[in-house]
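Undergrad: Sending over a structure as structure tokens; questions will come in a sec.
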Amino acid sequence: MKKARTIILLIIIFFILLSCRKGEYISSDPMPRIDTIWINPAEVTTSRVTYSSLFDKIEYIQIPTDSNYLIGKVDKLLVTDDYFFVMDRKISRSVFVFDRQGNKVVRINKTGNGPGNYIDMRDITFDKEKQEIQIREYMRKKLLYYNLDGNFLREFDIPYNSLRLQPVGNSFALCTDYNSGNKLNRSKKHADLILLDADKKTILSTANYFIPPFAKAVVITSEAQFSRLNDTLYSIKPDHCNIVYHATPNEIYPAYRIDFGSYSIDDRYWQKAAEEGMTYAKIDEYSNNLGLCESFRFLEGENFMSFVYKQYGEVYNVLYSKKTKNMHHIEKYQNDIDMVSMFYPIAIYDDKLYCLLSSEDVYNMREHLADVMPKEILNNVEEFGNPIISIFTLKPF
Amino acid sequence: MKKLVYLLTIFVIVLLGFNVILLKKHQEIKAQNMLLIDKYNKLSVRELRTSSILKKNIIFHHAAEAAYCPDIQLKKPKTNSDLKLSALVNNSNEPLLFFRFKETDCDACVQQALKLLKKITEQSPGRRITILSGYKNVRQFYAYADNESKSFDIYNVDELPVIPETQESPYFFVLNGDLAMKNVFVPMKGDMEFTVDYLECISQKYWQCGHEHCNHAHNHHH
């Protein structure tokens, strides 16, 4: 009798173990203390804030224009110690490289299907040690490597769909931009951020789980990018979420929360986005009706953060000091420095914010800018020339 | 008694094993059914989309042919000069096939169509297809033209006041000397079969002469 009971018990335990689901990846999700950045939308500075009160100076880098070096649209500006890299995805489909003085280095224009070619370029990064340019090819899930002469070196398969890809030490941090095609799900939510071991191609960490929207087009984003804090620490804040994540070679973890109180975006938004027949216009209307604050265009440096947020269809600017916890919370700017630069940062490096200035604007106003912009720039500007890089240095606050 | 217990135990094990097998089979069948449902839904969506695109094409075809294309100024690449649409069309000794896209149109749609057009120009090098891009920024137009001018004749016009412009996709049309829009066609993303058929028809209709003769006529004109 005893033996029979034992056998039956063992059988029951066996079937319990069998019923455990296979194949589900559970993230390790470390939970360090997370700093909160509180933002009260009612406390925005409504009067115009002058550039001179915020910025020490604006510097300019003029990019040469010639028929072989014509940038269509700047989809990403990557700044390093020695170079600028400009990615133009759709118009010239090229990567342009300049040195920090604005001199031409190389243009990579390799659209096509063959080896070393790309069809849909989505991200660029630079390996300082090996002096290699890396291009993320989206359709074929590859990373293509080139040297600074523009020669193709090799390619590397990345087994997951991702919009952005950032090498971090010996790992890759991927941002899928809310693509649920990777099937990395946990309780019907999918991972938006993935950390991959570069050698073994195994997942080390995942974060920012989301409910898949009805269609990808429902959740249009500004295509969040990684900001470099140091060689082994990068930051990213995907759109439609309030958490800033940091990526190291070993994990991706939440580092800051941007808290708008009752106006913070949360799972209600994602549940709505998942509803049958949902469209971008409807979810935008839903968001506006609730007054949800959606932060985007997030950049993080060693001491500052810069981002904007949208509420009720209006966009507001935030500059946040990590040291002092002070904040500039701004509705509108007034350019009292050079009258022509627009503060719309697209890159951050060494705590300076990088923006683009239209050559056409400078050309048309060059007579009025004689006292505020360098003569070199004004003398060499072309009406339809490449954009000028303008570098804003924040005053400490 | 012992025997009975053992027999019962074996019977229970067999029953449980049988249940597990049935459960797994049930899950497999369920998964297959879901796959079939999914395929059916996709097919239905595709059919709906196809019929809606075809309907749109018929509407634009008729609506556009009821109106003439205004004689607008086109921007030429690399120079800051303009050219009238009538001058461009009259300069050609045969009707011109235009591919029109705006910078806000679906990029994948534009690229798919351009890929097909490049095949045509590769197969018939004398055949020039005219791209009418819609960039608001002049530098962007120059950068685009610089990249594609080996394969096509490219001009830019910010806004083209014609009926097919109202839908947010690239489109083809044919123009001759009287600027009457003919053979308007809106390509369908992900289904290039219709576009291939359309381009074949255009080729047959307007470029019927043999390759050498067409090249000779083209060279003679220039």
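No lab work stands behind these numbers, since they all come straight from the coordinates. Bear in mind that the values here come from a model prediction, so they are computed numbers and not experimental data. Quick reminder, even Gly has a Cβ in these numbers, built from the backbone with ideal geometry, and neighbours come from all protein chains shown.
Undergrad: Rank these for me by crowding, A:Ser227, A:Ser264, going from fewest to most other beta carbons within 10 Å. Intermediate values should be presented prior to the final figure.
TA: On the way: A:Ser227 23, A:Ser264 17.
If I rank by nearby Cβ atoms, fewest first, I get A:Ser264, A:Ser227.
Undergrad: May I ask you to derive the relative contact order of chain A, considering only C-alpha pairs under 8 Å and at least 6 residues apart, and to give it as an integer percent? Walk me through the intermediate numbers first.
TA: Working: 847 pairs, mean separation 64.4, N = 397.
Contact order relative to length: 16 percent.
Undergrad: I need to check one value: relative contact order of the range A:186-264, counting alpha carbon pairs closer than 8 Å and at least 6 residues apart, in percent. Working shown, then result.
TA: On the way: 122 pairs, mean separation 17.6, N = 79.
Reported relative contact order: 22 percent.
Undergrad: Please determine, in degrees from 0 to 90 and to the nearest 10, the orientation of helix A:280-290 with respect to the longest principal axis defined by the Cα atoms of chain A, where the helix direction is its Cα long axis.
TA: 90 degrees
Undergrad: Here's a follow-up. Could you work out how much longer the chain between A:Asp350 and A:Gln101 gets when fully extended? Use 0.36 nm per residue separation minus the Cα distance between them, nm to one decimal.
TA: Numbers: separation 249, 0.36 × 249 = 89.64 nm, distance 1.65 nm.
Additional length available on full extension: 88.0 nm.
Undergrad: Moving to a separate point now. Let me know the charge dipole size of the protein assembly as shown about its Cα centre in debye, to the nearest 20, where only the beta-carbon of Lys, Arg (+1) and Asp, Glu (-1) is charged.
TA: On the way: 77 positive and 76 negative charges, 694 e Å.
In debye, rounded to 20, the protein assembly as shown gives about 3340.
Undergrad: Scattering from the C-alpha atoms of the range A:134-191 alone, worked out with Debye: what is log10 I(q)/I(0) at q = 0.13, 0.15, 0.25, 0.31 1/Å?
TA: Result of the Debye calculation: -0.38, -0.49, -1.05, -1.29.
Undergrad: Can you give me the long-range amide H partners of A:Lys76? Hydrogens built in the peptide plane at 1.01 Å from N, cutoff under 5 Å, separation of 5 or more residues or another chain.
TA: Distant-sequence amide H within range of A:Lys76: A:Met87.
Undergrad: Per residue of B:143-150, count partner chain C-beta atoms within 10 Å of its C-beta, then hand back the mean as an integer. Intermediate values should be presented prior to the final figure.
TA: Details: counts 14, 8, 3, 9, 9, 3, 0, 0.
Rounded to a whole number, the mean comes out at 6.
Undergrad: If you don't mind, there's one more thing I want to ask. Short version: ³J(HN,Hα) in whole Hz for each residue of the range A:192-197, in order, from phi by Karplus 6.51 cos²θ - 1.76 cosθ + 1.60 (θ = phi - 60°), x for Gly and Pro, what are they?
TA: So the Karplus estimates, Gly and Pro as x, are 8, 10, 10, 10, 10, 6 Hz.
Undergrad: Looking only at other chains, what is the average number of their beta-carbon atoms within 10 angstrom of each beta-carbon in A:87-99?
TA: 3
Undergrad: Under the rule a/c < 1.5 gives rounded, and otherwise a/b versus b/c splits prolate from oblate, where does the protein assembly as shown land using the Cα gyration tensor? Walk me through the numbers on the way to the answer.
TA: Values: a/c = 2.07, a/b = 1.28, b/c = 1.61.
Verdict is oblate for the protein assembly as shown.
Undergrad: For the range B:81-139, which trypsin sites (Lys or Arg not before Pro) are both in a DSSP coil and crowded by at most 16 other Cβ atoms within 10 Å? Present the calculation step by step, with values, prior to reporting the outcome.
TA: Working: sites: B:Lys84, B:Arg100, B:Lys102, B:Lys115, B:Lys118, B:Lys119, B:Arg127, B:Arg128, B:Lys136, B:Arg139; in loops: B:Arg127, B:Arg128, B:Lys136.
Those that pass, being in a loop and sparsely packed, are B:Arg128, B:Lys136.
Undergrad: Please list the non-local residues whose amide H lies under 5 Å from the amide H of A:Leu153, H modeled 1.01 Å from N, same-chain partners needing a gap of 5 or more.
TA: Amide H to amide H, under 5 Å and 5 or more residues apart or across chains, A:Leu153 pairs with A:Tyr145, A:Tyr146, A:Asn147.
Undergrad: While we're here: In terms of the Cα gyration tensor, with a ≥ b ≥ c the square roots of its eigenvalues, is the range B:84-200 rounded because a/c is under 1.5, prolate because a/b exceeds b/c, or oblate? List each step's numbers first, then the result.
TA: Numbers: a/c = 1.14, a/b = 1.02, b/c = 1.12.
Taking the square roots of the gyration eigenvalues as a ≥ b ≥ c, the range B:84-200 is rounded.
Undergrad: In deg cm²/dmol, rounded to 500, what helix-only [θ] at 222 nm does chain A give when every DSSP H run of at least 4 residues adds -39500 (n - 2.57) and the total is split over its residues? Let's see the in-between values first.
TA: On the way: 6 runs with 51 residues, N = 397.
Mean residue ellipticity at 222 nm (helix-derived): -3500 deg cm²/dmol.
Undergrad: What's the exposure ranking of B:Leu4, B:Leu199, going from fewest to most Cβ atoms within 10 Å? Walk me through the numbers before you get to the answer.
TA: Values: B:Leu4 9, B:Leu199 21.
Fewest-to-most ranking of B:Leu4, B:Leu199: B:Leu4, B:Leu199.
Undergrad: Sequence neighbours fewer than 8 away in the same chain don't count; with that in mind, list the lysines whose C-alpha is under 27 Å from B:Lys30.
TA: A:Lys22, A:Lys183, A:Lys188, A:Lys189, A:Lys216, B:Lys39, B:Lys42
Undergrad: Quick one: length gained pulling A:Glu331 to A:Asp197 fully straight, 0.36 nm per residue minus the C-alpha distance? Mind dumping the intermediate values first?
TA: Values: separation 134, 0.36 × 134 = 48.24 nm, distance 4.22 nm.
Computed gain between A:Glu331 and A:Asp197 is 44.0 nm.
Undergrad: Just want to confirm a number: the relative contact order over the range A:116-253, from Cα pairs under 8 angstrom separated by 6+ residues, in percent.
TA: 16 percent
Undergrad: Mind checking which lysines have their C-alpha under 25 Å from B:Lys3, skipping anything on the same chain fewer than 8 residues away?
TA: A:Lys2, A:Lys3
Undergrad: Which lysines, if any, have their Cα less than 23 Å from the Cα of A:Lys130, not counting same-chain residues under 8 positions apart?
TA: Cα-Cα hits under 23 Å: A:Lys76, A:Lys104, A:Lys110, A:Lys141, A:Lys142, A:Lys200, A:Lys201.
Undergrad: Right, something else. State the answer as a single residue: which of B:Ile202, B:Met188, A:Ser187 lies farthest towards the positive end of the charge dipole of the protein assembly as shown, with beta carbon charges of +1 for Lys and Arg and -1 for Asp and Glu, about the Cα centre.
TA: A:Ser187
Undergrad: Okay, moving on. Apply the Karplus parameterisation 6.51 cos²θ - 1.76 cosθ + 1.60, with θ equal to phi minus 60°, to every residue of the range A:149-166 and state each ³J(HN,Hα) to the nearest whole Hz, in sequence, with x for glycine and proline.
TA: Couplings: 8, x, 7, 6, 10, 6, 10, 9, 7, 10, x, 10, 5, 7, 7, 10, 9, 10 Hz.
Undergrad: Between exposed GluC sites (Glu not before Pro) in chain A, where DSSP calls loop and at most 10 other Cβ atoms lie within 10 Å, what's the longest gap?
TA: Details: sites that count: A:Glu24, A:Glu129, A:Glu276, A:Glu367.
Answer from the scan: A:130-275.
Undergrad: If you don't mind, there's one more thing I want to ask. Kirkwood Rh and Cα-based Rg: tell me the resulting Rg over Rh for the range A:69-109, rounded to two decimals.
TA: On the way: Rg = 9.4 Å, Rh = 10.0 Å.
Using Cα coordinates only, the ratio equals 0.94.
Undergrad: Another question, then. How far is the Cα center of the range B:139-211 from the Cα center of the range A:146-162, in Å?
TA: Measuring centre to centre over Cα atoms gives 34 Å.
Undergrad: Mind checking the angle between helix A:2-18 and chain A's longest principal axis? C-alpha axes, 0 to 90 degrees, to the nearest 10.
TA: 20 degrees
Undergrad: Moving on. Peptide B:19-28: average number of partner chain Cβ atoms within 10 Å per residue?
TA: Details: counts 1, 3, 0, 0, 2, 0, 0, 0, 0, 0.
That works out to 1 on average.
Undergrad: For a footprinting-style exposure proxy, rank A:Phe85, A:Phe384 by other Cβ within 10 Å, fewest first. If you can, show how the numbers build up before the last one.
TA: Numbers: A:Phe85 22, A:Phe384 19.
Lowest to highest Cβ neighbour count: A:Phe384, A:Phe85.
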